[in-house]
Ligand code: KG4
Ligand code: ZN
């Protein structure tokens, strides 16, 4: 029984959660999407300022929802990176303040390690490694072999845009607003994924790297040739075809990674793991190839603090030394040095 309170503020969500190992006692997420939507993407300076305003009420709400006081906790955790530096610092300084006041140990957690732990929350998976993780978010697209806590082998990543970024940029081109993933997901459900043959970049290439910038260009050319405005049905077909191109490549490489590593489990995590087309295709691939696909509950796919708290609880159990080091771009396979 290890109660950990964690703070996450790496991008545009101010979040605080309390978990008891992998059981979520409270999870509060205050999103800034409405603030950034009118700019078509996250504005770092605005993100920092809004984290400052939200951080204390969000921490208070997480304690209240869990019915706990700071005295009843065993440890604290905070996302230390990667992310926007000004945004990270708000969460880190708040966490340091709590650590100073309470004397509790404070664990810095790698944001992507947090996403890996989203799959264990509320019993979605016992998540005993080893497994392959397909980590798909707004800033990252990676295939990782998870061998144990802090033992992450990066199999391949995107050379250019992340999958979530491809959704966001695609939606922008189609005039659908920000963030693009959820809108495209919704429209795709009403369209024909075979209506347009968008490119599946690098699908037949050896290795586990991805590239999505060519797909974005193909969509741009399509929009220019077709001209706006499209009917609702046309738009749905374009979204379904665009989404299928992204999902096909992700699932194709993920199932190859599971086979290459000789493993029997795939975890799909990160904001894009909310995509219904991706969830279905990854589960179907597992049924066809004989591996188990685990997807987190929808509420834990996007950025949240429960996943950060669960990662810290695992570190506490493993006897790791608590420390925080803010960084903006450290890769996940460098996240091993503090494991005893
Ligand atoms: O993990 P996340 O919340 O933040 C980062 O760490 O980046 O991921 C955000 C990304 C955005 O690009 C958003 O468009 C995408 O996840 N996303 C989706 C869906 N919901 C969110 N992409 C596809 N389909 C969705 N349903
Ligand atoms: Zn994230």
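The values are calculated or read from the model by the stated rules, or taken from the named source; none is laboratory data. The structure presented is a predicted model; accordingly, all values stated were derived computationally and were not measured. Neighbour counts are summed over all protein chains in view; Cβ atoms, including those assigned to glycine, are modelled from backbone coordinates with ideal geometry.
Check 126, 75 and return the single one that is more than 16 Å from ligand 2 (Cβ to nearest atom), modelled with pLDDT of 95 or more and over 17 Å from the mean Cα position of the chain (by Cα). Spell out the reasoning first.
Numbers: 126 fails: modelled with pLDDT of 95 or more.
Matching residue, one of 126, 75: 75.
Could you check, for region 145-160, whether at least one of its residues is in the same structural domain as residue 181 (by TED's automatic domain parsing), in contact with a helix residue (DSSP H, G or I) (Cβ under 6 Å, 6 or more places away or on another chain) and within 16 Å of ligand 2 (Cβ to nearest atom)?
Yes, the conditions are met somewhere in region 145-160.
To keep it simple, each residue is scored yes or no on (1) away from ligand 1 (no atom under 16 Å from the Cβ); (2) at pLDDT 95 or above.
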{"residue": "245", "(1), (2)": "no, yes"}
{"residue": "255", "(1), (2)": "yes, yes"}
{"residue": "302", "(1), (2)": "no, yes"}
{"residue": "305", "(1), (2)": "no, yes"}
{"residue": "312", "(1), (2)": "yes, yes"}
{"residue": "332", "(1), (2)": "no, no"}
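Being surrounded by fewer than 16 Cβ atoms within 10 Å (Cβ to Cβ) and touching a strand residue (DSSP E or B) at 6+ places or on another chain (Cβ under 9 Å): is that true of residue 287 here?
yes
Looking at (1) within 20 Å of the chain's Cα centre (by Cα); (2) more than 16 Å from ligand 2 (Cβ to nearest atom), which one does residue 200 not meet, given that it meets all the others?
(1)
Taking residue 109 as the residue in question, decide whether it is in the same structural domain as residue 329 (by TED's automatic domain parsing), within 16 Å of ligand 2 (Cβ to nearest atom) and modelled with pLDDT of 95 or more. Before the answer, list the steps.
Numbers: in the same structural domain as residue 329 (by TED's automatic domain parsing): yes; within 16 Å of ligand 2 (Cβ to nearest atom): yes; modelled with pLDDT of 95 or more: yes.
It is true that residue 109 is in the same structural domain as residue 329 (by TED's automatic domain parsing), within 16 Å of ligand 2 (Cβ to nearest atom) and modelled with pLDDT of 95 or more.
Given 114, 138, 97, which one is outside the structural domain of residue 285 (by TED's automatic domain parsing) and touching a residue at least 60 places away in the same chain (Cβ under 8 Å)?
Numbers: 138 fails: outside the structural domain of residue 285 (by TED's automatic domain parsing); 97 fails: touching a residue at least 60 places away in the same chain (Cβ under 8 Å).
Sole residue among the options that is outside the structural domain of residue 285 (by TED's automatic domain parsing) and touching a residue at least 60 places away in the same chain (Cβ under 8 Å): 114.
Looking at this structure, is residue 87 in a helix (DSSP H, G or I) and either in contact (Cβ under 8 Å) with a residue 24 or more places away in the chain or not assigned by TED's automatic domain parsing to the domain that holds residue 137 (or both)? Steps first, please.
Working: in a helix (DSSP H, G or I): yes; either in contact (Cβ under 8 Å) with a residue 24 or more places away in the chain or not assigned by TED's automatic domain parsing to the domain that holds residue 137 (or both): yes.
For residue 87, the condition - in a helix (DSSP H, G or I) and either in contact (Cβ under 8 Å) with a residue 24 or more places away in the chain or not assigned by TED's automatic domain parsing to the domain that holds residue 137 (or both) - is met.
Out of (1) within 14 Å of ligand 1 (Cβ to nearest atom); (2) under 17 Å from the mean Cα position of the chain (by Cα); (3) at pLDDT below 95, the odd one out for residue 135 is which?
For residue 135, the exception is condition (3).
Answer with yes or no whether residue 268 is within 16 Å of ligand 2 (Cβ to nearest atom) and either outside the structural domain of residue 12 (by TED's automatic domain parsing) or at pLDDT 95 or above (or both).
So residue 268 passes the test.
For region 290-308, name all the residues that are out of contact with any strand residue (DSSP E or B) (no Cβ under 9 Å at 6 or more places or on another chain), within 17 Å of residue 164 (Cα to Cα) and either part of a loop (DSSP other than H, G, I, E, B) or more than 16 Å from ligand 2 (Cβ to nearest atom) (or both). Write out each step before concluding.
Step one: of region 290-308, the residues out of contact with any strand residue (DSSP E or B) (no Cβ under 9 Å at 6 or more places or on another chain) are 290, 297-298.
Now restrict to residues that are within 17 Å of residue 164 (Cα to Cα): 298.
Within region 290-308, none qualify.
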